[in-house]
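Taking it in order: structure first as structure tokens, then the write-up.
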Amino acid sequence: MTILEIAAVLLAGVGAGTINAVVGSGTLITFPTLLALGVPPVTANMSNSLGLVPGSVAGAVGYRCELEGQRTRIVRLLVFSTTGGVLGAVLLLVLPPGAFEAVVPVLILLGVTLVVVQPRLSRYVAARAERRTGDATRESPTGPPWVLAAAFLTGVYGGYFGAAQGVILMGVLGIGVNEGLQRLNGVKNVLVAVVNGVAGLIFVVVAELGLLGSDAEVDWLVVAVIAVGAVIGGFLGAAVGRKLPPLVLRGAIVVVGLVAVTVMLAT
């Protein structure tokens with residue numbers, strides 16, 4: 001990559017890390033950027049997933065106060081999210097590359113749609129959480145059983161592609177778990193970090209050892225540049241992300257996502 005391309009990926013990483021800590025759809029910034037620079041789709045997805053892990057960890061660290069007292073909840077959810085993430089990563093590797101290239105525009109549009117409807121979803125989740133606050137009924141820390149099933153399916157999605165994984169998780173957790181939104185956002189950051197980390201580890205093993213006959217590669221320069229940017233963005237998002245204009249963030253995601261879909265369909 002040229003210096004300008006590295007700078008573009010770095011800025012995309014900062015944006016993705018910030019958005020992931022606050023909203024959870026940063027892949028819609030970095031992934032289309034990599035495609036625009038000519039990185040093959042599967043390689044871009046693998047490298048992007050791996051590069052965003054440090055940013056998700058930074059976001060989780062930034063929310064460490066909100067994570068206090070949630071160990072049991074996090075461990076239970078991680079079992080299902082991680083299992084789903086492994087399955088999603090394996091699906092990416094065993095399915096023909098053409099299948100991924102065909103489904104990526106649909107996944108990006110799904111992510112864009114989720115970002116567009118996120119304000120209404122957030123209002124619904126907030127109202128739901130407010131109604132449930134103070135409920136004395138004893139219940140599981142993870143809510144009803146369907147929450148764990150949804151965490152598994154979200155993990156599959158995250159391991160395969162991951163755009164707007166955080167938005168989906170916030171919808172699931174906010175509706176099903178009796179807890180404040182900021183504390184759930186901290187949980188979301190942990191789940192996304194682990195799912196991306198596990199998927200990234202699988203990608204590395206497959207790429208380096210040639211398992212499953214996959215020709216996909218991890219672009220380590222891309223990983224490193226995204227990781228640096230994502231860490232900066234992760235701490236930034238955790239610190240001041242809630243003060244950033246959400247309309248501006250959503251607008252940027254939607255524009256980049258639609259441009260990516262247009263470019264992919266045109267080629």
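The values are calculated or read from the model by the stated rules, or taken from the named source; none is laboratory data. Remember, it's a predicted structure, so these values are computed and weren't measured experimentally. Neighbour counts are summed over all protein chains in view; Cβ atoms, including those assigned to glycine, are modelled from backbone coordinates with ideal geometry. The area values use the complete protein model at the heavy-atom level, side chains included, leaving out ligands, DNA and RNA. Shrake-Rupley method; radii C 1.70, N 1.55, O 1.52, S 1.80 Å.
Quick notes
- Search result, residues across the range 138-194 that are of a type in the set (Lys, Arg) and closer than 18 Å to Ala60 by Cβ: Arg183, Lys188
- A count restricted to the range 33-45 and to residues that are part of a helix (DSSP H, G or I) and open to solvent by 10 Å² or more (accessible area, probe 1.4 Å) stands at 6.
- Any hit, the range 119-129, residues being of a type in the set (A, V, I, L, M), in a helix (DSSP H, G or I) and within 17 Å of the chain's Cα centre (by Cα): no
- Which listed residue, of Thr83, Thr113, is of a type in the set (Ser, Thr, Tyr), open to solvent by 10 Å² or more (accessible area, probe 1.4 Å) and modelled with pLDDT under 85: Thr113
- Among the residues of the range 161-196, those that are open to solvent by less than 30 Å² (accessible area, probe 1.4 Å), on the phi < 0 side of the Ramachandran plot and of a type outside the set (A, V, I, L, M, F, W, C) comprise Gln165, Gly166, Gly171, Gly174, Gly176, Asn185, Gly186, Lys188, Asn189, Asn196.
- The listed residues are Pro105, Pro97, Pro119, and the only one of them that is touching a residue at least 60 places away in the same chain (Cβ under 8 Å), of a type outside the set (A, V, I, L, M) and open to solvent by 40 Å² or more (accessible area, probe 1.4 Å) turns out to be Pro97.
- Residue in the range 48-65 that is modelled with pLDDT under 90, open to solvent by 40 Å² or more (accessible area, probe 1.4 Å), touching a Lys or Arg at 6+ places or on another chain (Cβ under 6 Å) and within 18 Å of Gly234 (Cβ to Cβ) present: no
Here is a yes/no grid of residues against (1) free of Cβ contacts under 8 Å to residues at least 40 places away in the same chain; (2) of a type in the set (Val, Ile, Thr); (3) in contact with a Leu (Cβ under 8 Å, 6 or more places away or on another chain); (4) farther than 19 Å from Gly155 by Cβ:
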{"position": "Gly62", "(1), (2), (3), (4)": "no, no, no, yes"}
{"position": "Glu68", "(1), (2), (3), (4)": "yes, no, no, yes"}
{"position": "Ser81", "(1), (2), (3), (4)": "no, no, yes, no"}
{"position": "Leu92", "(1), (2), (3), (4)": "no, no, no, no"}
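- The residues in the range 214-254 that are at pLDDT 75 or above, closer than 20 Å to Val167 by Cβ and either open to solvent by 40 Å² or more (accessible area, probe 1.4 Å) or outside any helix (DSSP H, G or I) (or both) can be counted, and the count is 1.
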